[in-house]
Amino acid sequence: MLDNCTMESAVPTSDIATLQAILDGAVDAIVSIDEHGELLNYNAAAAQLFQYAEPEVRAGGIGMLMPSDIATRHPDFIRRYLDEGERHIIGVGRELTCQRKDGSRFQAYLSLSESNSGDKRVFTAIIHDLTERNRLRARVSAIGDILEESINALYVLERQSLRVNYANRAASTSYGADEVVGPGLCLADLVTANSYARLERAMQLIDEGHHQSFNLKVDCRRACGEIYPAQLHLSTTTFDDNAVFVASVIDVTSQRKAEQALEDERLEHAAVLNYAPIGIVTMDSRGLILNVNESACDMLGYDEEAFIGRHGTRFVHTDEQLSLRSGFDSLIAGDTQYLSSVHKVRHKQGHYVPVRTFNAAVVLHKRKRPILICMFEDLSEQHAIEEEIKTQRERLAHVAQLTQMGEMAAGLAHELNQPLSAIVTYAGVGERLLGKPDKDDDELRAICSRISQQAERAGSVIRKIRQLTRRHESSRSKCSLNSLVTDLLPLVEIDVRHSGIELHLALGENAAVMADPVQIEQVILNFLRNAIDEARKLPADRQSVTVRTSRASNGIRLEVVDNGPGVDAALRDTLFDPFVSSKAKGMGMGLSISKSIIDAHSGQIGFDQPDDGGSVFWFVLPEYRQGAENDGDE
């Protein structure tokens, strides 16, 4: 507070109050002391700044407002000035360190003045807190450091002339000059003519208020004349009270090279995929299609857009979608590394294309989850070839059937002649009985019954011949090997009876197979005729052929055993090849066709050479399973 004794004699009380109000309303701290260091005035701003109340300072002394090292020397400063009169800071001002009540220190600017009040010398200090100024200065300095250390080239351009009045270190490096800010250097020197025209248009739109900033791809120029690609961000602000444009420039040369390398790699991969003769589709972990090559599009008739984003199973036949989804899930989960399957895939025109797929899950370094790669090949041509082979096989089988019937012609004629002669004889006897007045009805009925039996016998032979010689479409059904053997007996017994060969049947459990009965009968008949031919080579009292059926570990087995001389060692490795025969007049097609028939039925065929002589020709067919009727022919 102002010294009351001194002021009352010089200034009216009302003026003292007004002066005190002015001092308390001052923003800066104001502190006055006399030449003895006694406090004369301590305004409200000083109390707020130093955290001390006025009575505390009056009681403790002005040194409370200073750090201890300065406070101890402060009385000496005053005494030296009073003794010597040499001014150091009075009327000059300086920055110094002050201390608050809580012990914290802060920088302040001190303006110290001297005045006289009556017989007193008064020293008044105006203390301005520099904390906020220093904070802002540090912030500006930090921002400046950030701008200088930025890897982006920064330019500040005058709004009208577009001359550069600031450029950071990166700008100087990028431009290739020690100093970018210089007389005459402007925006037109930093970019090509085409880029400059686009920048002028962008600045015009900013000036007109249509945009606040722009991001542009430009071509920049270095001091040496080199042109390089860059990404430029243009905005406007105020700098030193002047409107300026700020341009942030990023050299994207390396980025462009990397992008070009990636694009070249993508094109190479695309070329490899598109020139691949098989369809290739990539899918994400959900099964949604990401990419598809040209072969896949050509194979199914769709364009690329029809595939992208669709689920990979959508194009597969509805009956196969569930199993394929399950396979994809196993691949993604890592339960399966590789999946191969055959499917029917829908063509754009509506028909289905048979394909074989090869699927795998691949983890790419840029993706957290694996992607699915599906490669598939069109099996249409292969199926057509297989169908042609099947047709040719059936034709050869039919030829073989006709050949067999030709070889059996004499026996068949004799076999048919017997029932027909018997019918004629019995009919004659019946006719004579009808002419007798005392005819015996029972004897006549017996004759008619014998006629019927012989006619049925002849009809059975003719039906079996027609069945074996007629061309037919391959059709599989549930059948018994035992029944097929017994059905063939009327034809086989002809040769057996004429040759005097003993035929033995050792038929096991009546198990069923899924087969084309006519084709399997052809194989059995071929085995039997070959066995009969081999048995004929022995003396009459040793000739025998045995047909045996049994259940094996891999299906139902049929064996035809003869006690002939066996197969020549030179023929054993090629016995089932076409045009290989042990018969002098044989065509060498019977066993070859038999093998193709058994192979087509997913069975096995072969022969054994027992140590005690003879041969065993056999085949095994898979046992019938429920639902096999729907499996198709092949």
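The values are calculated or read from the model by the stated rules, or taken from the named source; none is laboratory data. Computed from a predicted model, the values in this text were never measured in an experiment. Every residue, glycine as well, gets a Cβ built from its backbone with ideal geometry; the counts of neighbours run over all protein chains shown. SASA here: full protein model, heavy atoms, side chains in, ligands and nucleic acids out. Shrake-Rupley method; radii C 1.70, N 1.55, O 1.52, S 1.80 Å.
Here is how the numbers come out for the structure above:
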quantity	calculated
Label-to-label distance, nm, for residues given as ASP119 and LYS478 (7 Å Cα→Cβ offset)	14.2
Surface per residue (accessible, 1.4 Å probe) for region 312-356, Å²	60
FRET efficiency, TYR338 to GLU149 (Cβ-Cβ, R0 45 Å, nearest 0.05)	0.25
Region 189-266: relative contact order as a whole-number percent, Cα under 8 Å and 6+ apart	22
Whole-Hz couplings from phi, Karplus 6.51/-1.76/1.60, listed for region 532-537; x for Gly and Pro	5, 4, 5, 5, 5, 6
Distance between region 22-69 and region 287-346 - C-alpha centres, whole angstrom	87
Calculated from backbone phi, Karplus (6.51, -1.76, 1.60) coupling profile of region 610-618 in Hz, x at Gly/Pro	x, 5, 8, x, x, 9, 10, 9, 9
Amide H partners (placed H, <5 Å) of MET66, local residues excluded	GLN99
³J(HN,Hα), Karplus 6.51/-1.76/1.60, whole Hz, each residue of region 346-354, x for Gly, Pro	6, 7, 4, 7, x, 7, 10, 9, x
Peptides ranked, highest mean first, by Cβ atoms within 10 Å: ranges 101-107, 163-169, 323-329	163-169, 323-329, 101-107
Potential extension, GLU386-LYS257 segment - 0.36 nm per residue separation minus Cα distance	41.2 nm
Label-point separation, LEU322 to LEU267 (7 Å along Cα→Cβ), nm	4.8
Among 131-138, 519-526, 502-509, the order from most to least packed when residues are scored by Cβ within 10 Å on average	519-526, 502-509, 131-138
